[in-house]
1. Using a 1.4 Å probe over the heavy atoms of the protein chains, calculate the carbon and sulfur portion of the accessible area of the chain as a whole percent.
2. What distance in nm separates the two pseudo spin-label positions at Trp72 and Leu212, each 7 Å out from Cα along the beta-carbon direction?
3. Can you give the three extents of the C-alpha atoms in the chain along their principal axes, from longest to shortest, in whole Å?
4. Assuming R0 = 22 Å, can you tell me the calculated FRET efficiency for the pair Gln5 and Asn324, based on Cβ-Cβ distance, to the nearest 0.05?
5. I need the helices of the chain that pass two filters: whole DSSP H segments spanning 20 Å or more by Cα along the axis, and mean Kyte-Doolittle score no lower than -1.0.
6. Could you calculate the contour length gain from Asp136 to Gln239, that is, 0.36 nm times the residue separation minus the distance between their Cα atoms, to one decimal place in nm?
7. Limiting things to C-alpha atoms, what are the Rg and the maximum Cα-Cα separation (Dmax) for region 104-149, in angstroms?
8. Taking the solvent-accessible surface of protein heavy atoms with a 1.4 Å probe, what is the per residue accessible area of the chain in Å²?
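The values are calculated or read from the model by the stated rules, or taken from the named source; none is laboratory data. From a predicted model like this one, the values you see are computed outputs, not experimental measurements. Because the Cβ atoms are built from the backbone with ideal geometry, glycine has one as well, and the counts that use them run over all protein chains shown. To get the accessible areas, we keep the full protein, side chains included, count just its heavy atoms, and leave off ligands, DNA and RNA. Shrake-Rupley method; radii C 1.70, N 1.55, O 1.52, S 1.80 Å.
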Amino acid sequence: MKAFQDSGDAFTYAVFVILPVLSGALLVWLARCSGRGGSRKKGRVVACANLLVFVFTASTVMVAMESYYRFWCDTTDSFALTRVTQCWMQRHWQLNSSGFRDSLSAYPAPRSPGQRRITFVGDSFTAGHGIANVEDRFANRIRNGGEAEVHVMAKLGFDTGDELNLVRALAAQHYQFDEVVLVYNLNDLSDIDPVWRVVDQRINTTNSPGFLIEHSFLFNTYYYRLKARFEPDIGNYYQSIRKAYDSPVWEEQQRRLNSLHSLVETNGGHLLVVTFPFLQHLGPDYEFGQVHVKLDKFWRELGIPHLDLLGVYEAHRHERLTVNSHDAHPNANAHALAGEAINDFIQKNVRSEPHL
């Protein structure tokens with residue numbers, strides 16, 4: 001997304017620039033003319049001067065902040081709501097011909113003879129939301145540190161339903177599976193949670209926030225930051241996920257995960273699973289511990305190798321692990337920790353010979 005997407009953007013930025021220029025010019029003019037009036041006008045002149053000083057100072061600060069968020073700020077937010085995040089995506093999110101973010105130009109369906117193939121399936125954590133250099137995400141680290149053919153089939157917002165559809169589509173295209181690593185996030189059942197579906201529809205059908213918020217990067221950024229912090233629907237998001245695992249939603253999710261496992265295995269693949277915790281909630285009061293226990297029990301009963309990264313990250317929870325205070329995705333440090341743990345996990349659980 002460019003800094004000037006349309007005429008509304010250009011007009012808004014022009015207003016930001018004109019305000020300090022105009023108020024400054026008026027202040028200079030007032031200073032030059034102030035000596036010509038009598039004492040009766042002195043009070044009004046001082047009041048006007050104070051007002052112009054305030055407008056000049058405030059507008060100068062605002063144009064500086066608007067310029068920063070419009071041209072130089074290079075970061076993301078958790079829900080990809082802000083114009084700043086859209087610009088970040090334009091700069092750093094390049095898709096290959098297979099439709100996935102990667103430095104590899106394509107993912108061919110046939111495997112290279114005798115070479116191990118690792119196919120990561122996941123969502124924004126796997127795709128590297130907030131990671132500017134794609135080589136810093138965990139899957140690319142694993143590729144660059146070994147000899148396996150690594151494909152990263154992950155997209156923003158993917159849930160288990162999307163991942164099931166992806167694996168079905170790959171099978172229909174005669175994609176050759178080998179080691180398939182499902183990168184699971186605790187919110188991967190959101191698409192079948194009736195509570196969250198209603199909330200999601202309500203959030204996405206809200207009226208336009210207004211011209212200024214749509215076209216000012218400054219106001220847009222702080223509007224969505226405040227919305228993410230104080231909007232009850234967004235604030236209750238994580239609670240609704242935790243409750244879903246104690247409801248019939250979890251039973252349906254187990255059936256879907258079983259289907260994904262069967263689909264991978266019947267098409268020649270070997271499924272492994274890696275679970276990410278919610279990094280921003282780590283600590284002694286981490287409220288999703290029982291969800292991790294349920295997931296681990298489920299995978300073990302199916303005989304599917306499972307790596308829970310909760311322990312890895314708990315050992316480093318005093319380090320910075322998220323992209324920033326407004327984006328809870330794993331940062332480059334968290335990806336490095338995950339890459340090392342996942343690589344060891346794959347090596348211990350990989351089939352002895354590549355399956356062709």
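1. Ligands and nucleic acids excluded, carbon and sulfur give 57 percent.
2. Result: 2.4 nm between the two label points.
3. So the three principal-axis extents are 96, 43, 37 Å.
4. 0.40
5. Helices meeting the span and hydropathy rule in the chain are 7-33, 42-67, 248-266, 332-349.
6. Between Asp136 and Gln239, full extension yields an extra 34.0 nm.
7. Both quantities, over Cα of region 104-149: 11.6, 35 Å.
8. Per-residue value: 50 Å².
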